[in-house]
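Everything below concerns the one structure shown next.
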Amino acid sequence: MSRIETLAARAGSRPDPTSGALSPPLQLATTFEHTPDGQLPHGFLYQRYDNPTQQGTEQALAALDGARRALLFPTGMAAGATALQALPAGSHVLLSHDSYFSFRAIAASQFPRWGLSCSIVDFTDLAAVRAALRPDTALLWAETPSNPLLKVSDIAALASIAHGAGARLLVDSTFAPPVLQQPLALGADVVLHSATKYLGGHGDVMGGVLCFADDGEHAAACHQLRLLAGATASPFAAWLILRGLRSLPARMAWHCRNAGAVAGFLAAHPKVAAVHYPGLATHPQHAVAARQMREFGGMLSFELAGGRAQALAVAARLRLFTNATSLGSTESLVEHRASVEGPASTTPDRLLRLSVGLEHPEDLIADLDQALAGP
Ligand SMILES: *Cc1c(COP(=O)(O)O)cnc(C)c1O
């Protein structure tokens, strides 16, 4: 078994038998020749069911996450919504309290229609997780590190709590792609990634992935739902995601190095009241993070001692960090999450989230330094 850097660098790369081409082909066909009686000599019928480019990307994703099976979707939300809709009707879901904003919105607005119920719990408090279990709990939905507070929950402990209750554990590992964290190896049953972020890595493609530890009932139900309801990624998106995967380990090393340097700078700054980065020894779950993550990622958030007005002023003065949503691309971004999440937001209004990109760390620190110094 090759190491993850080797798997990624060569993902999808095998010389094409007809041309010798090394980089993977992009196959856009919507339909594939079958025999008169409907046999599929090449295994493909129709693009929505399966297509060669999507299949190649899914194989690479499964290998990187150590999964039995990976399913690709047009967005991270489509992947996550499918994992939820594929649960048996009547299922109860435990959702971590700071999971991605749109999943909490789905729980509030769609679960009643889908016949699901939900409890929202702080997953860093394992006693609270145990107390919230019900006989009909089918899924624990963790997100670690979480958005935007970078809380870290203990994947191995959550897996054993879930399995002890006959439930499954899904981990949204978008902030920690496979190079940094391997939730399936720690006992999780499903990993979710928004491929729009680090897997694509260049801010130019949307996608979502579910990686399954086993090829059982839940994976089959998700596959069937995608096939019937049509949440199939376009071949072009699949191709761009595969292209991104090939440099994922190298990019992540640089993202982590830069974020570590920025976190250290902010932690020592007098105008900064708090820095949320799992790599800092002062992070409340640093020990858990050090146990389950290889490195600590490219995302962090910090709180300004001067409150909301100062947070907005700093965001306005930054020049290299662009005010924009999303994360995981080559360029550094800043976002005042409370403004973007709106009135229902539980994010502190003095908090800024940074997606630390691939620029030189000294340039990023100089930009933060001038923005914090004020006009
Ligand atoms: C962005 C994001 C999602 C949703 O992914 P999309 O590709 O935007 O649909 C889910 N979870 C986390 C943690 C995210 O950051």
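If you check 364, 327, 368, 354, which single one turns out to be in contact (Cβ under 8 Å) with a residue 12 or more places away in the chain, of a type in the set (A, V, I, L, M) and in a loop (DSSP other than H, G, I, E, B)?
Among 364, 327, 368, 354, only 327 is in contact (Cβ under 8 Å) with a residue 12 or more places away in the chain, of a type in the set (A, V, I, L, M) and in a loop (DSSP other than H, G, I, E, B).
Within the bounds of the range 303-318, is there any residue that is at negative phi, part of a strand (DSSP E or B), open to solvent by less than 60 Å² (accessible area, probe 1.4 Å) and in contact with a Pro (Cβ under 8 Å, 6 or more places away or on another chain)? Explain how you work it out, then say what you get.
Going through the range 303-318, the residues at negative phi turn out to be 303-306, 308-318.
When the remaining residues are screened for being part of a strand (DSSP E or B), the result is 303-304.
With open to solvent by less than 60 Å² (accessible area, probe 1.4 Å) added as a condition, the list becomes 303-304.
Cutting the leftovers down to in contact with a Pro (Cβ under 8 Å, 6 or more places away or on another chain) gives us 303.
Yes, that holds for at least one residue.
If the Cβ limit is 9 Å and pairs must be 6+ apart or interchain, which residue in the range 263-277 that is within 11 Å of residue 306 (Cα to Cα) pairs with which residue that is open to solvent by 30 Å² or more (accessible area, probe 1.4 Å) and assigned to a loop (DSSP other than H, G, I, E, B)?
270/305; 271/305; 271/306; 272/305; 273/305; 273/306; 273/350
Restricting to the range 52-79, name every residue that is within 16 Å of the ligand (Cβ to nearest atom) and within 16 Å of the chain's Cα centre (by Cα).
Passing the criteria: 61, 65, 70, 71, 72, 73, 74, 75, 76, 77, 78, 79.
From the list 191, 171, which residue is touching a residue at least 24 places away in the same chain (Cβ under 8 Å), surrounded by 24 or more Cβ atoms within 10 Å (Cβ to Cβ), touching a Cys at 6+ places or on another chain (Cβ under 7 Å) and β-branched (Val, Ile, Thr)?
191
So that you can scan it fast, the table gives a plain yes or no per residue for (1) polar (S, T, N, Q); (2) away from the ligand (no atom under 16 Å from the Cβ); (3) not in a helix (DSSP H, G or I):
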| site | (1), (2), (3) |
| --- | --- |
| 2 | yes, yes, yes |
| 12 | no, yes, yes |
| 15 | no, yes, yes |
| 22 | no, yes, yes |
| 37 | no, yes, yes |
| 41 | no, yes, yes |
| 50 | no, yes, yes |
| 81 | no, no, no |
| 90 | no, yes, yes |
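Identify, please: which residue in the range 145-159 is touching a strand residue (DSSP E or B) at 6+ places or on another chain (Cβ under 9 Å) and free of Cβ contacts under 8 Å to residues at least 60 places away in the same chain and is, among those, nearest to the ligand (Cβ to nearest atom)?
Per the criteria, the residue is 146.
Tell me which residues, restricted to the range 278-293, are in contact with a helix residue (DSSP H, G or I) (Cβ under 9 Å, 6 or more places away or on another chain) and either in contact (Cβ under 8 Å) with a residue 40 or more places away in the chain or among the charged types (D, E, K, R) (or both).
Those that are in contact with a helix residue (DSSP H, G or I) (Cβ under 9 Å, 6 or more places away or on another chain) and either in contact (Cβ under 8 Å) with a residue 40 or more places away in the chain or among the charged types (D, E, K, R) (or both): 278, 283, 288, 291, 292.
I'd like the full set of residues that are more than 22 Å from residue 80 (Cβ to Cβ) and outside any helix (DSSP H, G or I), limited to the range 227-252.
Within the range 227-252, 246, 247 meet the criteria.
Go through the range 12-45 and count every residue that is open to solvent by 100 Å² or more (accessible area, probe 1.4 Å) and either within 22 Å of residue 225 (Cα to Cα) or within 29 Å of the chain's Cα centre (by Cα) (or both).
Of the residues in that region, 3 qualify.
Of the conditions (1) within 14 Å of the ligand (Cβ to nearest atom); (2) crowded, with 17+ Cβ neighbours inside 10 Å, residue 204 clears all except one; give me its number.
Unmet condition: (2).
Can residue 255 be described as assigned to a helix (DSSP H, G or I) and not assigned by TED's automatic domain parsing to the domain that holds residue 185?
It is true that residue 255 is assigned to a helix (DSSP H, G or I) and not assigned by TED's automatic domain parsing to the domain that holds residue 185.
Collect the residues in the range 65-100 that are open to solvent by 10 Å² or more (accessible area, probe 1.4 Å) and touching a Pro at 6+ places or on another chain (Cβ under 9 Å), keeping them in residue-number order.
Matches in the range 65-100: 66, 98.
The values are calculated or read from the model by the stated rules, or taken from the named source; none is laboratory data. Just so it is clear, the model here is predicted, and its values are computed rather than measured. Backbone-built Cβ (ideal geometry, glycine too); neighbour counts: all protein chains shown. Keep in mind that these areas ignore ligands, DNA and RNA; they rest on the heavy atoms of the full protein, side chains included. Shrake-Rupley method; radii C 1.70, N 1.55, O 1.52, S 1.80 Å.
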